[in-house]
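What follows is a short report on a single structure.
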Amino acid sequence: MHAQIELILSDFCTTAHLSAAFFDEYATFRTFVGPECQLPSTSIRMLKQLGADDAGDRYVVERYGDGLCVACPFDPLSPMLGMVVFWTLPSPPSGSLEIAFCYVQLLHSIARGHLCKRPTLLVPKHSFGKRIRTVVGMLEADLATTPSLCILADSVHMSGSSLCRKFKAETGHTITSYLNHLRIESSLRMLALEECSLLDISYYCGFSDQAYFSRVFRQVMGMSAQEYRKSLHAVCKR
């Protein structure tokens, strides 16, 4: 999991021109991300304060040089995933500490929206019509099962041929292609975990065997699953 976290942090820090340090849920240092590899002197105190608050949506802000340093949970929905220290965030032109807190709260909202993202290959299902959302929901419910076209069509009171045409028109995929993309999307998260073998990932994500998983992965991602896994660690070591 840490490799995936570091990849996401690296992406965000590159975009926002920030440095960051990631700590596990016990406030043990894991890695630096970004141009600076030396923690601000107040970081440990900020992390202790953050941990003492015992609230996933908290953040702690202190001045750092001409800017600001922020400590926050990696994922406010899952505080046990760890904590992050970001620096140097620009300070508001007014210099007001009260305004600075509001300013950092906004930045943290942007950051956490980025941090909570997971790999996605498909358009969000809320952009589809009600019938297609129902079908997508059935596909998502159990990736290990391939529902028959008859069952899917009956669930939305359509013929099989009509459903296939409507599904392709709204999603851009056939039902089989969409399901395979869902399965590959799920595999991206597992590939960040060193202990997960490709065979385990294949079966967990609903593929009948590793060879089929590998073939579909390359079709969807343009690289092998092993190459994708290596790319995660390459980014994290930068």
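The values are calculated or read from the model by the stated rules, or taken from the named source; none is laboratory data. Just so it is clear, the model here is predicted, and its values are computed rather than measured. We place every Cβ from the backbone using ideal geometry, glycine too, and count neighbours over all the protein chains shown.
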request  = Among what's in segment 54-99 and is under 21 Å from Leu9 (Cα atoms), of a type in the set (D, E, K, R) and in contact with a strand residue (DSSP E or B) (Cβ under 8 Å, 6 or more places away or on another chain), pick the residue that is modelled with the lowest pLDDT.
outcome  = Asp57
request  = Working carefully through the options Ala20, Ala27, find the one that is more than 17 Å from Val104 (Cα to Cα), of a type in the set (A, V, I, L, M) and surrounded by 14 or more Cβ atoms within 10 Å (Cβ to Cβ).
outcome  = Ala27
query = In the set Ala192, Ala169, which member is more than 21 Å from Lys125 (Cβ to Cβ) and of a type in the set (A, V, I, L, M)?
reply = Ala192
inquiry  = Which of the numbered conditions does Arg183 fail, given that it passes all the others? Conditions: (1) in a helix (DSSP H, G or I); (2) in contact with a helix residue (DSSP H, G or I) (Cβ under 6 Å, 6 or more places away or on another chain); (3) under 26 Å from Phe213 (Cβ atoms).
reply    = (2)
note = Here the residues within segment 192-225 that are of a type in the set (A, V, I, L, M) and either farther than 25 Å from Gly137 by Cβ or outside the structural domain of Val135 (by TED's automatic domain parsing) (or both) are Ala192, Leu193, Leu198, Leu199, Ala211, Met223, Ala225
task = Consider Phe32 carefully, then state whether it is among the aromatic types (Phe, Trp, Tyr) and at pLDDT 85 or above.
result = yes
note = Taking segment 132-141 and the residues there that are more than 14 Å from Leu122 (Cα to Cα) and free of Cβ contacts under 8 Å to residues at least 24 places away in the same chain, the one that is nearest to the chain's Cα centre (by Cα) would be Ala141
key: Options Ser186, Ser155: the member that is free of Cβ contacts under 8 Å to residues at least 60 places away in the same chain and over 26 Å from the mean Cα position of the chain (by Cα)   = Ser155
